[in-house]
Amino acid sequence: MLRFAVAILCAAFVAEVAQAQQPATPPPVTPAATAPAAPGTPPAAAPAVADDTTAVQQAMAAYVEAFNRHDAEALLDLWTPNGTYVNKETGDRSSGREALAKDFAKVFDATPEIFLSGGADEIRVIGGDTAIVDGVTNVVIPGAEPSLSAYTAILIKQDGKWLVDTVHESDLPVPESPRQALKPLEWMVGAWQDESDSATVSSIMRWSPSEAFLIRSYDVVREGEEPFQGTQIIGWDPIAKQIRSWTFNSDGSFGEGSWSQNGAEWIVRKTETQADGRLASGTQVITQIDPVTVTVQTIAKEIDGAPEPASEPVTMKRIGDAPATAAAPTTPPAPEVVPATPPAAPGAAPRAPGAGATR
């Protein structure tokens, strides 16, 4: 299958991480089709729904764990005997554990380093024996762009165990504009500063004048070292259907990254050409703890293929708003008159900052 018939069910694992980092919000529950309780009867279903939601989360956490260790037998045990996967874009369909087993074997043989992550937008428990989960998944294969898709999974409780019965997967909706595509990162707009004693890290994120890009400027100051500055431009790639970034640093190094969301985390897979010509790569994990706190850590670092130790997590605090973006003037300013200087050629205009940037 093009989308592997299995790139779907890591939502609860992410939900558990997110719940550990912020106050839990009960998922909406669709009432069962039963007669209304008599007046004054205390609601007895709420604790059961909460327990079932937790059980669904645990079942899905077990799913993603089994997938990432490539344990096909454990994965099949998490499906109902007649479990069905449908790709709504391609029409691909697999029904029954035998068909799913063939798909798992094909995927794990062809892509032994495949990794699954994702998130749940909503978990609904209906009638105590059915759960509907909506969310987004991310399939990562080294050397390839991450593959994002939306899914709806139906789980059924059988003999006290939650099993996957049906999964429908589709492409993510195409954003109407770059501004809409970047809206999930809007919480980063503002001025941030670290809480570390080893260095002072300051960062300002703001919108570009057209709000088609996010622009981040950062400074790193360590005692006894030259200050390190950089600029990062974050934008929407309509071909890859993904958020990407381009970074330029004061020491001459530059790089790019691909962004994907994993619950409360943003995963940025980066490559960089260093000032001395060496090639570096790594994965930056940005975790939103609360509206004013974020942690940043780089893991899986390599330089010219040699592993490097992961960086220590840095905690950043939001300390204020970003400076207002200067709007383009509605009327061009009058040119400054300088004696004995030839006039500009007809139609010439000052070059706007960044006008020559290419992707």
Taking region 85-106 as the search range and keeping residues that are touching a His at 6+ places or on another chain (Cβ under 9 Å) and either aromatic (Phe, Trp, Tyr) or at pLDDT 90 or above (or both), which one is nearest to residue 162 (Cα to Cα)? 85
Subset of region 141-173, residues of a type in the set (A, V, I, L, M, F, W, C) and free of Cβ contacts under 8 Å to residues at least 40 places away in the same chain, comes to 141, 144, 150, 154
State whether one or more residues within region 232-255 are closer than 30 Å to residue 76 by Cβ and either open to solvent by less than 60 Å² (accessible area, probe 1.4 Å) or of a type in the set (A, V, I, L, M) (or both). no
Of all residues in region 85-120, how many are in contact with a helix residue (DSSP H, G or I) (Cβ under 8 Å, 6 or more places away or on another chain), surrounded by fewer than 13 Cβ atoms within 10 Å (Cβ to Cβ) and under 22 Å from residue 259 (Cα atoms)? 0
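Please specify each residue of region 64-84 satisfying the condition of being surrounded by fewer than 16 Cβ atoms within 10 Å (Cβ to Cβ) and under 18 Å from residue 155 (Cα atoms). Reasoning before the result, please.
Here is the first cut: in region 64-84, the ones surrounded by fewer than 16 Cβ atoms within 10 Å (Cβ to Cβ) are 65, 68-69, 71, 73-74, 77, 81-82.
Result: 65, 74, 77, 81, 82.
If you take the residues in region 304-327 that are open to solvent by less than 30 Å² (accessible area, probe 1.4 Å) and in a strand (DSSP E or B), which one is nearest to residue 191 (Cα to Cα)?
Step by step, filter region 304-327, then rank; the result is 320.
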With region 67-161 as the region, which strands (runs of 3 or more DSSP E) entirely inside it contain at least 2 residues that are within 22 Å of the chain's Cα centre (by Cα)? 115-126, 130-140, 147-158
Filter region 179-200 down to residues that are assigned to a loop (DSSP other than H, G, I, E, B) and open to solvent by less than 70 Å² (accessible area, probe 1.4 Å) and give me whichever is modelled with the highest pLDDT. 189
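The values are calculated or read from the model by the stated rules, or taken from the named source; none is laboratory data. Worth saying up front: this structure is predicted, and the values here are computed from it rather than measured. We place every Cβ from the backbone using ideal geometry, glycine too, and count neighbours over all the protein chains shown. All accessible areas refer to the heavy atoms of the entire protein, side chains included, with ligands and DNA or RNA removed. Shrake-Rupley method; radii C 1.70, N 1.55, O 1.52, S 1.80 Å.
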